[in-house]
Number of protein chains: 2
Amino acid sequence: MGSAAAPWKSLLLTALESNGHIKHSQFLQLATVGANGRPSNRTVVFRGFQEGSDNIQINTDSRSRKVEELKNCPFAEICWYFTESWEQFRISGRVEVVDSLYPDAIKLQQREKAWSSIPSKTRMQYLGPNPGLPYLTGQPAKENLQDSSSGPVDSYCLLVFNPDQVDYVNLKSEKRFLYKASSSSRGEKLWSTERINP
Amino acid sequence: MGSAAAPWKSLLLTALESNGHIKHSQFLQLATVGANGRPSNRTVVFRGFQEGSDNIQINTDSRSRKVEELKNCPFAEICWYFTESWEQFRISGRVEVVDSLYPDAIKLQQREKAWSSIPSKTRMQYLGPNPGLPYLTGQPAKENLQDSSSGPVDSYCLLVFNPDQVDYVNLKSEKRFLYKASSSSRGEKLWSTERINP
């Protein structure tokens, strides 16, 4: 039952389209594991698939705790619930942290491309004080970006989520499917599908 | 800045009230850690606070993977995003798994009480085939509960989430607070509050 195209991707694109009028349908919860072995969980925004792949893009601040956690343990699970269509995608995989020092020119280009699609108002977030640190009264307000056409700031980080398992459930039809990735002999990613009990 | 009452609890109750007209405002994402050290994440339903405490109640099937994971590693983090008020609660803590074999009479009473408040239609879920196992065509449909007034079925499990840290952010006001629990010399739970950068 393997297939080269990710069979859950079309389900996800359909869910995004049918829930497209709801702003929060782009929001998902990303779980990681901290250095203490405890789980962490936070809401992040879906920034699209990487061209021609099933890799999911997420923007973040390189000073945030999730970056530290992912460098320590690269595994993560997305929980994405669509409030109108009652569909849940649990997407398990490995996350690549592409920051300004990433040693690969192609990845750095992808980071630049992702940065260029961020609205200038949102870019300002990366110039604020260190997220999660104590709030100091009188600390300098966000600096202004001198030139909005310039490249990514150092604190901007692109997360590339590479899925290897998707647990999909539709709570209206009560159907649940498990999709698992494996590698072909040519190194191609193959997906299998199994129907499981909800 | 310590206080015996959980200062984030009133914020959460206010968020629940102001988002009360939205069915999914009772839905939250619960992250745990699997035996393989990878994170898991799924949507669950808030079933209220335990009387006179800040412990959060969640119903689940004792045959689900989260129960196995929590028995292995009791730490979890809730991510609860309120789509209308733009508030996020990240609640970190320890989860007690109260199943039919739990060796404490008071906890078993709490489990019975929680079961009695489940609508009979929802109770039927616990009689279906083992969640997550392969779906078999022709497998017996859900059995009927003989007597809806009888006690909890074996597969019903009450999760009691005992918070020790809450990271709250309001994306409208851009204010973020970190609440941390500690114990007083009398064993009482004390909460401290710190404002941190969003």
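Return the distance in nm (one decimal) between the two label points of a simple spin-label model at A:GLU51 and B:ASP154, each offset 7 Å from Cα along Cα→Cβ.
The modelled label-to-label distance comes out at 5.7 nm.
Going 7 Å from Cα along the Cα-Cβ axis for the label, what nanometre distances separate A:THR14 from the same residue across the other copies?
Spelled out, the distances from A:THR14's label point are 4.3 nm.
In terms of Cα to Cα distance under 23 Å, which lysines are near enough to A:LYS71, apart from those fewer than 8 places away along the same chain?
Correct list for A:LYS71: A:LYS107, A:LYS113.
Return the average number of partner chain Cβ atoms within 10 angstrom of each residue Cβ along peptide A:131-138.
4
Tell me the distances, shortest first, between A:GLY52 and the same position across the other copies, using label points 7 Å along Cα→Cβ, in nm to one decimal.
So the label point of A:GLY52 gives 6.6 nm to the other copies.
How would A:THR14, A:THR43, B:THR32, B:THR137 line up by accessible area, probe 1.4 Å, largest first?
Reading off the accessible areas and sorting them downward yields B:THR137, A:THR14, A:THR43, B:THR32.
Take the Cα radius of gyration of chain A and divide it by 2.2 N^0.38 Å, with N its residue count; two decimals is plenty.
1.11
Cβ under 9 Å from A:VAL67's Cβ, A:VAL67 left aside: what net charge do those residues give with Lys, Arg +1 and Asp, Glu -1?
Neighbourhood net charge equals 0.
Quick one: of the DSSP bridges fully inside segment B:44-198, what percent are antiparallel, nearest 5?
Of all bridge pairs located within segment B:44-198, approximately 100 percent are antiparallel.
Considering only the label points, 7 Å along Cα→Cβ from Cα, what distances in nm to one decimal separate A:SER120 from the same position in each other copy, shortest first?
Here A:SER120 shows inter-copy label distances of 6.4 nm.
Would you mind telling me which residue in B:ILE56, B:ILE106, B:ILE91 has the biggest mean-square fluctuation in a Gaussian network model of chain B, where springs connect alpha carbons within a distance under 10 angstrom?
Comparing B:ILE56, B:ILE106, B:ILE91 in a Gaussian network model of chain B, the most mobile one is B:ILE106.
Over the heavy atoms of A:LEU136, what accessible area does a 1.4 Å probe trace out, to the nearest 10 Å²?
Rounded to the nearest 10, the figure is 100 Å².
Could you give the angle, 0 to 90 degrees to the nearest 10, between helix A:105-116's Cα long axis and the longest principal axis of the Cα atoms of chain A?
So the helix axis and the longest Cα principal axis differ by about 80 degrees.
List the lysines whose Cα lies under 19 Å from the Cα of A:LYS172, skipping any in the same chain that are fewer than 8 positions away.
Candidates past the 8-residue exclusion: B:LYS23, B:LYS121, B:LYS142.
Top to bottom by accessible area (1.4 Å), largest first, where do A:HIS21, B:HIS24 land?
A:HIS21, B:HIS24
Using only the alpha carbon atoms of the protein assembly as shown, find the Kirkwood hydrodynamic radius as the inverse mean reciprocal pair distance, in angstroms to one decimal.
Working: mean 1/r = 0.0441 Å⁻¹.
For the protein assembly as shown, the Kirkwood estimate is 22.7 Å.
Run down the aspartates and glutamates and flag those whose C-alpha is under 13 Å from the C-alpha of A:LYS189, throwing out any fewer than 8 positions away in its chain.
Within reach: A:ASP54, A:ASP164.
So what's the gap between the Cα centers of segment A:61-120 and segment B:34-51, to the nearest angstrom?
So the two Cα centres are separated by 22 Å.
Calculate how steeply helix A:7-18 sits against the longest principal axis of the alpha-carbon atoms of chain A, using the helix alpha-carbon long axis, and give the answer as 0 to 90 degrees to the nearest 10.
Roughly 60 degrees between the two axes.
The values are calculated or read from the model by the stated rules, or taken from the named source; none is laboratory data. As the structure is a prediction and not an experimental result, all values here were calculated from the model. Backbone-built Cβ (ideal geometry, glycine too); neighbour counts: all protein chains shown. Only protein heavy atoms, including side chains, enter the accessible area calculation; ligands, DNA and RNA are left aside. Shrake-Rupley method; radii C 1.70, N 1.55, O 1.52, S 1.80 Å.
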